[in-house]
Amino acid sequence: MLTRFTDAKVFDPLHGEVGQRRDLWVADGRIVAPPPGAAAAETIDLGGAVVMAGAIDLHSHIAGGKVNLARLLFAEDHEHHPSCEPHGFRCGGGLVTPSTFTTGYRYAEMGYTVVVEPAMLASNARHAHLEMADIPNIDTAAYVVLGNDDFLLQLIADGAPQGQINDAIAWLVGASQAIGVKVVNPGGINAFKFNQRRLDLDEAGPYYGATPRRVLSALAQAVFELGIPHPLHVHGCNLGVPGSVDTSLATIAGAEGRPIHLTHLQFHAYGTEGDRKFSSGAARLAEAVNANPNISVDVGQIIFGQTITASGDTMSQYRHSGHAKPGKWILMDIECDAGCGVVPFRYRDKSFVNALQWAIGLELLLLIEDPWRVFLTTDHPNGGPFTCYPRVIRLLMDKDFRDEQFADLHPAARRASILPSIRREYSLAEIAVLTRAAPARILGLRDRGHLGPGAAADLVVYRDQSDREAMFQHPTAVYKDGRLIARDGRVVARVEGSTHVVRPAYDRGIEARLARHFADRIGLRAESFRIAEGELRGGRGAVIHACRTSGDSP
Amino acid sequence: MAEEPAAPVACPFCGLACDDFFDLGDDLDSKGCGLAAEGLAIPAEGGGPRLAGGAVALDQAVTAAAKLLRGSAAPLIAGLGSDVDGLRAALALAERVGATVDHLASDGLFRNLSVLRRKGMIALTLGELRSRCDLLVVIGADPRPGFPRFYQRWFNASLPAPIGGGTRRVLFLGAEPLPETRADLGEIPIAVVPGEISRLAELALGLRSLVAGDYFSAGSIAGVSRNVLTDVAQRLGAARFGAAAWAAEAFTFPHGDIAVSALLDLIRALNRTTRFGAVPLTGRDNGMGAVQVATWQTGYPLRLAFEAGTLRHDPTHLSWRYRLAQADLLVWLSSFRREPPPPFDGPVIALTAPGTAFAAPPAVCIPVGVPGLDHAGDVFRSDGVVALRLARRRPSTLPRAAEVLQAMNEALAC
């Protein structure tokens, strides 16, 4: 069926469109070129409303073991935030740990149509995929967490050639049905299992003797050489520690030009200056990001209020467990693979540290110049719930609003931040880059994040309002693959999403060593671990994205 | 539809989900496991659906079930022994008809879950137990009967040495190990500290005090002398990577959850200086899968009720045993075992493994396939982290529980 959307004010940065008014044509869930002479079966007049592609969140903890543990630990969230949907849509609830149906509906209502679970443990991948299949209305994907598993650390300790490390990683990405690779506190989660409580970038870890720098470099090189579109997704060492800015700067330098993505950088951007030995490292980090085009980052903006932190970084989560509010927390060592820690937390604007964290996130978003290399995240739910994105967008677009909010902060935090001196306001075109075009590009999703012919017809229609929070909270219409799923900020249809993956090639010679590891250490067969294509999305399989071959540029 | 995997191999008949039972082309072999043997003996034919004992076609049975569901003011969906797809279908049906939902084995699950919700947990998975643990402490009755190959597969002398070295040791706290367990463990040094297991909370808190170096004045606790307790505390603290395993289903003494809570306090104290974690053994009849699916779909781990478009969770008053007295219709789901429904004063819709013997013919009886024998599916292991894919292992005409429940749901939508 051919549908014509007339008089759209199009923001499609990939094609250089910044508010041009034109018609959009959709057939069979895809954007098509205006068909000469064809008559549309349906015509929808947008009356000059703003249209962007569906938004893409490249880092939000929405599914898998630690997310479900967070729901279990923090049942209060579900008691306080029930969610009764229109008939037939399935109920649920939760604000910071929403259930699967609620997750899909709330994202769709804000115009998000693709969300990446950023910390899928290989050993928990089947669970993550089963759960993602129950998230309606959005597409999903996941990064598999590697670099604390005993298999890769042993390979590195043995001095295995890079090719072998590449093969192992390619096998693990395929077996776990991932779209990319993440490393969390490289080697640190493993070191914590040997009772080591801290591991710095150049410190040799216990038993395997590998430094986090070595682990990072082996993984980043592997992801690059395998041609996986998304660069290694790095949750660095020393999360939350004053002085972590130096570790982050050293990590950027240590990348030596290889592409890496530094995630929730706000949590790794702390200096040790001032009376309280806690300061903003945002300006130094932004300068380094601006100077190194191989680096991309997402921010991990904090939102004041109650949330829960769920992370694979057991070492950091145990260190922070004393700050749990309410005072309960979970820690788990997992399958010679990784770990998880779940700690509820309340960010307060009257706390010096929390207030400065809030300012640091915004400083990063505003001081990093290239909107193609910085991404809006709250590291949901670790910095706050994803439903607060429209508020953050307003903070970026509206200097007066930002100043108002800033005025409420702890006075010492206000003195310690340069935020009021930053005049920048994001334009609508920059927001379209930040939330659509750039994440699609860095994930390798060629048919998302833009409105050119061949793109998925994920369309979001906004009424242009000066209150940008209201505008982005409640789009007037959201289409997923050409179908209307939300109107005026309320879900109106339930549709199935798809799962996106990559399948890097590898030499099957690695399989014998993997089989031995599984048999000896994991106590399962490698074949039991591997997720077959037919298991995904109730048998519908995955959308497979191409890896770069040697001729392509990254 | 994409292809199915070539060789999925897991066994669904206890929370360990062993994947070494079957080889492609081999006959089914229970490897000496009583629970697996029992499961494998379930016949592939169930005599077809019946209404009050009389044979009918499947669609007639579904129509009759839908009629009962439509007329029910307080339905209870319990048993809940099914694979992930069956659990999804059960929850969807529960929302449609406004039912209470709970799992057969939820008493044990909730002794752990209630503590997790109040205070949290420190745990480790079976793979960590196998490859890193140097001290296993088994708390209370030996869990081997419910988890027959626990020691064989996860902790014994024939496994490769723990990563980083060290010697495996095992300590039984509160009860003697079974003779079969001693055989499974092989050359591993075994220590046994008998005690009054019904006073486990006191025992664990005493040990916690000793581990933490707090003031401790008791001469003995729960039948264990101060000297022995001091020795146990020293052993615990000397472990490099310790594990405390328990099957909370056996904590049937009053306030079994308080014992779990005290064990968590002990484990937290140990983690100040070394690494230690719990291995809660649970999850028969895919109970851990039921917890996972219910939690991701609703936010609550079972014992939940759909009422007029809202969700309610009550860990006490929505347990299936409690609700039996208030419900006017029971939907009983048991696809892994021939477990008949409990005595119930009202109509029963039974979706059970073929060959189930009933005290009285249920109003509607639909024999369903066994996941892992008659059809593919997914189950969760006891640790809740690892989910395993089950394969169809034999020719079968039995419907999947998921299909039957979906058919009822669709019949109600008309």
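Closer than 30 Å to A:Gly322 by Cβ, in contact with a Leu (Cβ under 6 Å, 6 or more places away or on another chain) and either open to solvent by 10 Å² or more (accessible area, probe 1.4 Å) or modelled with pLDDT of 95 or more (or both): is that true of B:Ala262 in this structure? Considered against the rule, which asks whether it is closer than 30 Å to A:Gly322 by Cβ, in contact with a Leu (Cβ under 6 Å, 6 or more places away or on another chain) and either open to solvent by 10 Å² or more (accessible area, probe 1.4 Å) or modelled with pLDDT of 95 or more (or both), B:Ala262 comes out as yes.
Scanning region A:40-55 for residues that are open to solvent by less than 10 Å² (accessible area, probe 1.4 Å) and either closer than 30 Å to A:Val145 by Cα or of a type in the set (Asp, Glu) (or both) turns up A:Ala53, A:Gly54, A:Ala55. Any residue that is more than 25 Å from B:Arg149 (Cα to Cα), touching an Asp or Glu at 6+ places or on another chain (Cβ under 6 Å) and crowded, with 24+ Cβ neighbours inside 10 Å - is there at least one of those in region B:277-296? Yes: region B:277-296 contains one or more residues that are more than 25 Å from B:Arg149 (Cα to Cα), touching an Asp or Glu at 6+ places or on another chain (Cβ under 6 Å) and crowded, with 24+ Cβ neighbours inside 10 Å. Out of B:Ala218, B:Ala245, B:Ala269, one residue alone is open to solvent by less than 10 Å² (accessible area, probe 1.4 Å), of a type outside the set (D, E, K, R) and out of contact with any Leu (no Cβ under 8 Å at 6 or more places or on another chain). It is B:Ala269.
Candidates B:Leu329, B:Leu263, B:Leu304, B:Leu281: the one that is within 27 Å of B:Pro362 (Cβ to Cβ) and more than 11 Å from chain A (Cβ to nearest Cβ) is B:Leu329. Looking across region A:472-510, the residues that are within 17 Å of A:Ser83 (Cβ to Cβ) and open to solvent by 20 Å² or more (accessible area, probe 1.4 Å) come down to A:Gln473, A:His474, A:Arg490, A:Val492, A:Arg494. If you go through region A:192-234 and pick out every residue that is on the phi > 0 side of the Ramachandran plot and surrounded by 18 or more Cβ atoms within 10 Å (Cβ to Cβ), you end up with 2. Residue check: B:Arg303 meets all listed conditions (1) crowded, with 24+ Cβ neighbours inside 10 Å; (2) at pLDDT 95 or above; (3) within 17 Å of B:Met121 (Cβ to Cβ); (4) of a type outside the set (A, V, I, L, M) but one, namely (3).
For region B:307-320, residues that are surrounded by fewer than 24 Cβ atoms within 10 Å (Cβ to Cβ) and outside any loop (DSSP other than H, G, I, E, B) total 5.
Filter the strands (runs of 3 or more DSSP E) completely within region A:1-111 down to those with at least 1 residues that are acidic (Asp, Glu) and touching a residue at least 24 places away in the same chain (Cβ under 8 Å).
Qualifying strands (runs of 3 or more DSSP E): A:2-12, A:17-27, A:42-45, A:55-57.
Yes/no per residue for (1) at pLDDT 95 or above; (2) crowded, with 21+ Cβ neighbours inside 10 Å; (3) within 28 Å of the chain's Cα centre (by Cα); (4) farther than 30 Å from B:Arg389 by Cβ:
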| site | (1), (2), (3), (4) |
| --- | --- |
| B:Pro5 | no, no, yes, no |
| B:Ala36 | no, yes, yes, no |
| B:Ala41 | no, no, yes, no |
| B:Ala44 | no, no, yes, no |
| B:Gly47 | no, no, no, no |
| B:Val56 | yes, no, no, yes |
| B:Thr63 | yes, no, no, yes |
| B:Ala74 | yes, no, yes, yes |
| B:Gly79 | yes, yes, yes, no |
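Checked against the criterion of being open to solvent by 60 Å² or more (accessible area, probe 1.4 Å) and not hydrophobic (A, V, I, L, M, F, W, C), the candidates A:Arg540, A:Arg548 yield just one match: A:Arg540.
Check whether at least one residue in region A:115-130 is assigned to a loop (DSSP other than H, G, I, E, B), within 28 Å of A:Ala457 (Cβ to Cβ) and more than 10 Å from every other protein chain (Cβ to nearest Cβ), and report yes or no. No, region A:115-130 contains no residue that is assigned to a loop (DSSP other than H, G, I, E, B), within 28 Å of A:Ala457 (Cβ to Cβ) and more than 10 Å from every other protein chain (Cβ to nearest Cβ). Might you let me know whether region A:319-331 holds any residue that is within 25 Å of A:Asp403 (Cα to Cα) and not acidic (Asp, Glu)? Checking region A:319-331: not a single residue is within 25 Å of A:Asp403 (Cα to Cα) and not acidic (Asp, Glu). Among the criteria (1) at the interface with chain A (Cβ under 10 Å from one of its Cβ atoms); (2) touching a residue at least 60 places away in the same chain (Cβ under 8 Å), the one B:Leu136 does not fulfil is (1). On inspection, B:Lys119 passes the criterion of being at pLDDT 95 or above and within 11 Å of chain A (Cβ to nearest Cβ). State all residues of region B:179-202 that are of a type in the set (A, V, I, L, M) and under 12 Å from B:Gly140 (Cα atoms); if no residue qualifies, say none. The answer is B:Val192, B:Val193, B:Ile197, B:Leu200, B:Ala201.
Within region B:225-247, residues that are within 14 Å of another protein chain (Cβ to nearest Cβ) sit with their Cβ atoms under 8 Å from residues that are open to solvent by 40 Å² or more (accessible area, probe 1.4 Å) and modelled with pLDDT under 95, at 6+ positions apart or across chains, in these pairs: B:Arg240/B:Gly166; B:Phe241/B:Gly166.
State whether the residues of region A:460-470 include one that is closer than 20 Å to A:Leu58 by Cβ and either surrounded by 18 or more Cβ atoms within 10 Å (Cβ to Cβ) or modelled with pLDDT of 95 or more (or both).
At the first step, the residues of region A:460-470 found to be closer than 20 Å to A:Leu58 by Cβ are A:460.
Going one step further and asking which of them are either surrounded by 18 or more Cβ atoms within 10 Å (Cβ to Cβ) or modelled with pLDDT of 95 or more (or both), we end up with A:460.
Yes.
The listed residues are A:Asp77, A:Asp23, and the only one of them that is of a type in the set (D, E, K, R) and away from chain B (no Cβ under 14 Å) turns out to be A:Asp23.
With A:Ile169, A:Ile179, A:Ile135, A:Ile156 as the choices, which residue is more than 18 Å from the chain's Cα centre (by Cα) and open to solvent by less than 10 Å² (accessible area, probe 1.4 Å)?
Exactly one residue qualifies, and that residue is A:Ile169.
Only residues that are outside any helix (DSSP H, G or I) and either open to solvent by less than 10 Å² (accessible area, probe 1.4 Å) or at positive phi (or both): list them for region A:391-416, please. Listed by number, the list holds a single entry, A:Leu409.
Of the residues A:Glu369, A:Glu430, A:Glu335, the single one that is within 14 Å of chain B (Cβ to nearest Cβ), under 30 Å from A:Gly227 (Cα atoms) and charged (D, E, K, R) is A:Glu335. Filtering region B:97-108 to residues that are farther than 27 Å from B:Ala65 by Cβ and open to solvent by less than 20 Å² (accessible area, probe 1.4 Å) leaves only B:Gly108. Looking at A:Glu42, is it more than 8 Å from every other protein chain (Cβ to nearest Cβ) and closer than 17 Å to A:Val478 by Cα? Here the answer is yes, as A:Glu42 does meet what is asked. Restricting attention to region A:82-98, the residues being surrounded by fewer than 19 Cβ atoms within 10 Å (Cβ to Cβ) and at the interface with chain B (Cβ under 9 Å from one of its Cβ atoms) number 5. Restricting the first member to region B:155-169 and to residues that are of a type in the set (Gly, Ala, Ser), and the second to residues that are open to solvent by 50 Å² or more (accessible area, probe 1.4 Å) and modelled with pLDDT of 95 or more, the beta-carbon pairs closer than 7 Å and six or more apart or on different chains are B:Ala157/B:Glu187; B:Gly164/A:Phe194; B:Gly164/A:Tyr207; B:Gly166/B:Arg240.
Tell me, please, whether a residue that is outside the structural domain of B:Arg149 (by TED's automatic domain parsing), under 27 Å from B:Pro371 (Cβ atoms), of a type in the set (D, E, K, R) and part of a helix (DSSP H, G or I) can be found in region B:117-131. Checked region B:117-131: no residue is outside the structural domain of B:Arg149 (by TED's automatic domain parsing), under 27 Å from B:Pro371 (Cβ atoms), of a type in the set (D, E, K, R) and part of a helix (DSSP H, G or I).
The values are calculated or read from the model by the stated rules, or taken from the named source; none is laboratory data. Remember, predicted model here, so these are calculated numbers, not experimental data. Positions of Cβ are generated from backbone atoms using ideal geometry, with glycine treated the same way; all protein chains shown enter the neighbour counts. Each accessible area value is taken on the protein alone, full model and side chains, heavy atoms only, with ligands, DNA and RNA left out. Shrake-Rupley method; radii C 1.70, N 1.55, O 1.52, S 1.80 Å.
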